[in-house]
Structures are given as C-alpha cells and as structure tokens.
Amino acid sequence: MTYTERYEQLQAKQLNEWEVLCHCCGSCCGINDNDPCEHLMEVHKGKFFCDIYENRFGMHKTISGKPFKCVPIRDVLQMFWAGDGNCGYK
Ligand code: SF4
Ligand code: SF4
C-alpha cells in the first residue's frame, strides 16, 4: 500500500469515527425549538436526518421561513442550544 493510500484510509477511518458520535437527535438543527430547519426529517421516532447532508453548509430556512447559516458542528461546540447536553460531540 502506498503512503497516499494509507493516508486516505486513515482519513476515512477518522471521518467514520467522528460521524458515528452523532446519534441523530436533531437538536443542533432546531428540533427542540419548535421551528427546526426545513431540511430536518424524522426517520424514526426521535431519530432525524438532513435531506441535503452532503450540501448542508450555507444559508437555509427554518420551517417558518427564518434564515440561518448551517455550519460544521465543530464551529458551534462552544455554544449552547436546546438539547445540546445529549450531543455526542460535547
Ligand atoms: S441543513 Fe444544516 S441545519 Fe438543516 S437539517 Fe441539514 S444539517 Fe441540520
Ligand atoms: S446535537 Fe450532536 S448528536 Fe444531536 S444531531 Fe446534532 S451533532 Fe448529532
């Protein structure tokens, strides 16, 4: 295996380890605020997913039409939101 292949394999492993920390509670997307992002979908009871996940960063709207900017979770970990005590990254 080349260095590039090993590097890419390690990156993929670390990305997977990071992603699985999210248990899809939806709180960082506003599910506990009564006005979540319009792209937040409930897949099972209490489990949510983003219907544009691969292209999520940037300006979006809540269900009521309020604009907001979706950013990487690392950019908001020092902040507080309703339900953040359950976030796997905190
Ligand atoms: S666009 Fe951002 S805020 Fe909206 S559901 Fe997707 S990840 Fe959550
Ligand atoms: S608050 Fe944390 S655990 Fe819940 S959906 Fe957002 S990133 Fe995932």
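Kindly establish whether Glu8 is away from ligand 2 (no atom under 14 Å from the Cβ) and surrounded by 14 or more Cβ atoms within 10 Å (Cβ to Cβ).
Working: away from ligand 2 (no atom under 14 Å from the Cβ): yes; surrounded by 14 or more Cβ atoms within 10 Å (Cβ to Cβ): no.
When the stated conditions are applied, Glu8 does not pass them.
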Check your understanding: Residues that are free of Cβ contacts under 8 Å to residues at least 24 places away in the same chain and away from ligand 1 (no atom under 15 Å from the Cβ): which strands (runs of 3 or more DSSP E) entirely in the chain hold 1 or more of them?
Key -> 40-44
Exercise for review: Output the residues belonging to the stretch 34-90 that are surrounded by fewer than 10 Cβ atoms within 10 Å (Cβ to Cβ), among the charged types (D, E, K, R) and away from ligand 2 (no atom under 11 Å from the Cβ).
Suggested key: Lys45, Glu54, Lys69
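Computed from the coordinates by the stated procedures, all read-outs in this text should not be read as laboratory data. Quick caveat: nothing in here was measured; it's all calculated off a predicted structure. As a convention, Cβ positions derive from the backbone with ideal geometry for all residues, glycine included, and neighbour counts pool all protein chains shown.
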